[in-house]
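Here the structure is laid out as structure tokens; the discussion comes afterwards.
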Amino acid sequence: MFQNSGLSLDQAPPISVVLRFFLAGSLWGIAAGTWLLLQGPSALNPAAPQGLILTHLLTLGVMLSFMLGALFQMLPVLAGIALKDPVTLAIRSQWPILFGTILLLSAFGSGSSTLYLLAVLLLGVGLLPVAWRMLRRLYLLRNHSASSRGMGFALYNLLLLVLLGFWMVALLGGWTFRGDLLALRQVHLGLGLLGWIALLIIAVSFQVIEMFYVTPPYPKPYARWLPSLVTGLLTLELVAALNLPALQPWFESLAAFLVGIHALLTLRRLSQRQRPLADATVWFWRVGMGALAAAMLLWIVGDFTTLSIAWSETLYTLYAAFALSVVFAMAYKIVPFLTWFHLNAQGYFNAPMMHEVIHPRYAMRHLSIHLTTLFTALFAAWTTPELWHLTGALLLFSFAWIALAIYRAWHRYLEVQTSGEKFEFPSMK
């Protein structure tokens with residue numbers, strides 16, 4: 001899987017770092033499914049506390065956890081950057097993020113300015129140091145690939161997103177009156193969904209689509225300039241929100257257009273792959289990129305018109321389907337590989353092969369659950385709102401499914417370490 005990267009055990013973070021974030025993301029997903037199951041249609045109202053809670057369960061809880069875990073692993077693979085003391089760095093980021101997210105969700109429910117302030121302080125403590133260290137290492141890198149450059153822009157957007165969160169809390173608390181809260185909220189949404197989540201996935205896709213699925217590479221000028229163009233447009237959106245609000249939707253819609261183009265180009269690349277067999281991860285990517293292309297079209301329309309409730313819920317559903325599809329695809333590649341790689345590198349005879357860690361049929365069954373969840377959500381948006389309760393149950397089941405896979409991989413790793421036999425190399429005289 002990562003043969004061409006030259007990854008060594010010294011470069012790679014301990015497997016516990018990555019699996020800790022992945023398992024936390026799965027548990028947050030179970031919480032999101034439970035919330036949707038209990039709240040039903042009210043959890044889809046983005047202006048209501050129930051909607052804000054569901055949105056941040058999925059973004060701060062699920063996506064941030066999986067994406068930080070992936071960054072710890074992908075920086076050595078795609079950029080050749082080995083972070084010093086990754087275990088301490090991971091723990092110092094994960095715990096403040098955990099408690100900060102809980103406080104933020106509580107603040108949405110109570111409207112307490114104090115909880116908002118404590119939440120963003122904890123989230124800042126958890127996010128700013130790790131994002132800054134990763135960004136600084138990428139900045140000092142001499143030879144950039146398209147992926148490493150894209151990850152740098154995504155981390156820049158994450159830092160801007162956190163700082164904008166501080167700003168919005170200051171507005172809520174009455175500590176500043178600079179800026180319109182509704183306009184800044186839209187910038188916050190664009191930075192989070194387009195500049196951080198989508199752009200990081202785009203950056204990773206520049207290399208892993210070709211590497212995993214043996215496809216033609218993305219055009220070099222396109223891969224070089226796309227992340228900077230998206231980031232520049234979103235930065236201009238922030239400037240417009242403060243000075244020229246009429247220009248704000250134009251910058252955001254152009255960024256969404258570029259992201260949608262990437263989705264279509266990735267679908268084209270996947271149709272040109274040279275490996276004839278399609279495993280579950282190929283289909284997760286296809287579902288994700290198809291959903292992203294459709295979501296970006298609706299996003300652009302929504303920037304200039306008011307979408308109906310059904311179309312708004314369709315937009316949220318499609319974007320969530322994109323993000324979660326790619327998360328599941330990457331997890332089913334990364335988790336089995338890391339389990340095999342670390343045990344094999346440590347010299348264990350009985351290191352399990354990747355298909356023995358998570359069987360391809362297990363991932364394919366998850367794809368069926370995922371598609372069922374997506375179609376149920378679309379039916380709920382257009383026919384029977386009460387189906388959102390069933391969608392929540394399916395979402396809970398989907399994350400429980402992948403949480404079990406990650407737990408079993410971790411258990412298998414510990415089992416081999418405890419009872420496995422190692423290669424014995426004779427001492428050289």
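The values are calculated or read from the model by the stated rules, or taken from the named source; none is laboratory data. These figures come from a predicted structure and were not determined experimentally. Because the Cβ atoms are built from the backbone with ideal geometry, glycine has one as well, and the counts that use them run over all protein chains shown.
Residue-level analysis places residue 412 outside the set of residues that are of a type in the set (D, E, K, R), under 18 Å from residue 26 (Cα atoms) and touching a helix residue (DSSP H, G or I) at 6+ places or on another chain (Cβ under 8 Å). Within region 131-143, the residues that satisfy the criterion of being surrounded by fewer than 22 Cβ atoms within 10 Å (Cβ to Cβ) and touching a residue at least 40 places away in the same chain (Cβ under 8 Å) are 133, 137, 138, 141. Give me the residue from region 64-87 that is among the hydrophobic types (A, V, I, L, M, F, W, C) and outside any helix (DSSP H, G or I) and, out of that set, surrounded by the fewest Cβ atoms within 10 Å (Cβ to Cβ). By that ranking, first place goes to 82. Scanning region 289-308 for residues that are free of Cβ contacts under 8 Å to residues at least 40 places away in the same chain and under 21 Å from residue 54 (Cα atoms) yields 295, 298, 302, 307, 308. Looking only at region 219-263, count every residue that is modelled with pLDDT under 95 and touching a Lys or Arg at 6+ places or on another chain (Cβ under 8 Å) and tell me the total. Qualifying residue count, region 219-263: 2.
Filtering region 339-356 to residues that are part of a loop (DSSP other than H, G, I, E, B) and surrounded by 19 or more Cβ atoms within 10 Å (Cβ to Cβ) leaves 351, 352.
Do the conditions hold for residue 326, that is, is it in contact (Cβ under 8 Å) with a residue 60 or more places away in the chain, touching a His at 6+ places or on another chain (Cβ under 8 Å), surrounded by 20 or more Cβ atoms within 10 Å (Cβ to Cβ) and in a helix (DSSP H, G or I)?
no
Against the condition closer than 20 Å to residue 235 by Cβ, touching a residue at least 60 places away in the same chain (Cβ under 8 Å) and surrounded by 22 or more Cβ atoms within 10 Å (Cβ to Cβ), how does residue 90 come out, does it pass? When the stated conditions are applied, residue 90 does not pass them.
If you go through region 54-63 and keep only what is among the hydrophobic types (A, V, I, L, M, F, W, C) and either more than 10 Å from the chain's Cα centre (by Cα) or not in a helix (DSSP H, G or I) (or both), you end up with 54, 57.
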